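All remarks here apply to the structure that follows.
The values are calculated or read from the model by the stated rules, or taken from the named source; none is laboratory data. This structure is a prediction, so every number in the text was calculated from the model and none was measured. All Cβ positions, even for glycine, are placed from backbone atoms using ideal geometry, and neighbour counts span all protein chains on display. Surface accessibility is based on the protein's heavy atoms, side chains included, excluding ligands, DNA and RNA. Shrake-Rupley method; radii C 1.70, N 1.55, O 1.52, S 1.80 Å.
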Amino acid sequence: MLKKGLAVIYDPHNLYQFVWYYCNKGKQKKWDALCLPNGYKGEYMHSFCEDANIFEKIYKDDTDFSALPSVKKFKLFLQMVLYFVIGRRASLCRKILKKYVDLCDYNELVVIADVGIVSGACVALGKEMDVVILEDGINDYGERLSIIPKSKWKSSYAWQGFFLSIMGYCSPGWFKLKTDKHCIKYCSQPSKMQYRNYKEIRLLYSDEGTDHRLLDQIIRRIYHAINNYDFNSINAVIMTRPLDDLVVDIEKYVQRLNAYVSDKYKTVLLKKHPRELSSYDFGSSTMVIEVDNALPAEALFPYLKGKDILIVTTSSILIYFESYNLHGKIIVFDGMYEENVNSNVAGRALSTEEVKEFLEKFCGNRCELIHI
């Protein structure tokens with residue numbers, strides 16, 4: 001019997017990448033999807049997978065390993081240690097996956113990363129079947145650690161990631177994972193990858209071999225709103241981030257952005273970060289079309305050539321500009337870096353020099369800095 005492929009889907013970004021992979025390499029094979037929670041999101045992705053109309057079966061589950069009670073986490077960890085010690089790690093990984101699907105149906109697995117329990121279990125089976133790891137954003141371009149840095153000795157998350165990676169199950173915290181060497185990795189900028197412990201590294205969103213017509217058809221089925229956007233009438237696209245990650249008093253920065261946009265553009269597409277709570281008011285002379293949070297930024301990129309793309313501070317989506325031949329403007333708020341340094345907030349703002357280094361590394365001359 002001809003075996004199928006299984007795509008593990010967590011979020012819209014993940015699904016978009018898989019749809020591209022399907023149109024590039026996978027359309028000759030039948031596929032199933034396994035939809036799982038991802039942090040604050042749930043297993044709702046199954047409805048998007050249904051609309052894609054490329055999956056025979058769609059499985060869903062609301063088990064989030066990161067949210068399990070401590071007792072259950074500890075029990076699972078002890079199992080992992082035992083199976084590792086007796087040399088049966090792959091057996092436990094098959095057991096984990098059997099809770100969701102029958103692995104006998106598949107000869108290929110596609111995941112977004114190697115950092116989660118389920119995804120890591122797939123990666124650990126790379127000796128037995130084809131395993132593809134897609135791109136998980138800017139984290140893919142950093143170094144992978146083999147030891148815990150002194151600055152993280154008090155972090156229980158770092159210690160969990162260290163031991164899980166040493167045993168070859170998964171890599172929370174981005175440690176080196178020996179099972180990666182059996183997998184094919186896709187990324188948007190292969191030459192920039194520092195960690196290269198893969199069987200092969202391929203270009204994500206490559207034009208070569210991609211059925212763009214089919215890709216457009218599928219994406220329009222999944223994200224119906226795209227069909228309603230008149231991209232010809234749009235002057236600019238604005239992509240934000242949660243400013244309260246960076247500073248306590250966000251209002252003055254919101255007002256600056258409001259003034260900048262209202263002064264320059266008549267029709268804008270507003271793509272807010274999924275965690276963005278700020279309200280923007282660009283004035284009565286600027287028409288705003290707000291994009292649903294479920295639509296990933298990459299899904300808009302094929303339609304944005306020649307448009308002004310405004311990115312509020314740096315974002316991981318900038319790594320895709322080269323693949324889509326896009327140019328952008330990076331909004332840098334004067335005084336935000338200094339305020340961030342003196343604030344007790346979760347995120348770290350980049351200095352102007354750090355922003356320039358980021359752009360030089362990933363964007364070349366595709367972006368300009370706009371200070372407001």
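A few comments on the model shown:
- Options Ser66, Ser47, Ser70, Ser91: the member that is within 24 Å of Gln160 (Cα to Cα), within 20 Å of the chain's Cα centre (by Cα) and not acidic (Asp, Glu): Ser66
- Hits in the stretch 328-360 - residues which are open to solvent by less than 50 Å² (accessible area, probe 1.4 Å) and either on the phi > 0 side of the Ramachandran plot or part of a helix (DSSP H, G or I) (or both): Gly335, Met336, Glu339, Asn340, Thr352, Val355, Phe358, Leu359
- In the set (1) open to solvent by 70 Å² or more (accessible area, probe 1.4 Å); (2) under 27 Å from Ile319 (Cα atoms); (3) in contact with a helix residue (DSSP H, G or I) (Cβ under 7 Å, 6 or more places away or on another chain), the condition left unmet by Met45 is number (1).
- The single condition among (1) in a strand (DSSP E or B); (2) touching a Cys at 6+ places or on another chain (Cβ under 8 Å); (3) among the aromatic types (Phe, Trp, Tyr) that Tyr186 does not meet is (2).
- Taken over the stretch 1-29, the criterion of being over 18 Å from Asp105 (Cα atoms), modelled with pLDDT under 95 and open to solvent by 20 Å² or more (accessible area, probe 1.4 Å) is satisfied by Tyr10, Asp11, His13, Lys25.
- Filter result for Cys93 (buried (at least 18 other Cβ atoms within 10 Å of the Cβ) and hydrophobic (A, V, I, L, M, F, W, C)): yes
- Options Lys305, Lys252: the member that is closer than 25 Å to Tyr16 by Cβ and either touching a strand residue (DSSP E or B) at 6+ places or on another chain (Cβ under 7 Å) or not hydroxyl-bearing (Ser, Thr, Tyr) (or both): Lys305
- Residue within the stretch 115-132 that is closer than 26 Å to Tyr320 by Cα, hydrophobic (A, V, I, L, M, F, W, C), outside any helix (DSSP H, G or I) and touching a strand residue (DSSP E or B) at 6+ places or on another chain (Cβ under 8 Å) present: yes
- Taking the conditions (1) among the polar types (S, T, N, Q); (2) over 27 Å from Pro190 (Cβ atoms); (3) open to solvent by 80 Å² or more (accessible area, probe 1.4 Å); (4) touching a residue at least 12 places away in the same chain (Cβ under 8 Å) in turn, Asn325 satisfies each one other than (2).
- Cβ-Cβ distances below 6 Å connect the following pairs, each with a first residue in the stretch 361-372 that is assigned to a helix (DSSP H, G or I), a second residue that is surrounded by 15 or more Cβ atoms within 10 Å (Cβ to Cβ), and a separation of six or more residues or different chains: Phe362/Leu318; Phe362/Ile319.
- Looking only at residues of the stretch 100-114 that are farther than 18 Å from Leu164 by Cβ and not in a helix (DSSP H, G or I), we find that the one that is most open to solvent (accessible area, probe 1.4 Å) is Asp102.
- Conditions (1) in contact with a Lys or Arg (Cβ under 8 Å, 6 or more places away or on another chain); (2) touching a residue at least 40 places away in the same chain (Cβ under 8 Å): number failed by Phe84: (1)
- Hits in the stretch 150-160 (condition: open to solvent by 60 Å² or more (accessible area, probe 1.4 Å) and either within 20 Å of Lys4 (Cα to Cα) or not in a loop (DSSP other than H, G, I, E, B) (or both)): Lys150, Ser151, Lys152, Ser156, Tyr157, Trp159, Gln160
- Selected residue [at negative phi and either in contact with a helix residue (DSSP H, G or I) (Cβ under 7 Å, 6 or more places away or on another chain) or buried (at least 20 other Cβ atoms within 10 Å of the Cβ) (or both)] from Ile147, Ile138, Ile184: Ile138
- Test: residue in the stretch 231-239 that is modelled with pLDDT under 95 and open to solvent by 70 Å² or more (accessible area, probe 1.4 Å): yes
- In the stretch 207-223, of all residues being charged (D, E, K, R) and open to solvent by less than 60 Å² (accessible area, probe 1.4 Å), the one that is farthest from Ala52 (Cα to Cα) corresponds to Asp211.
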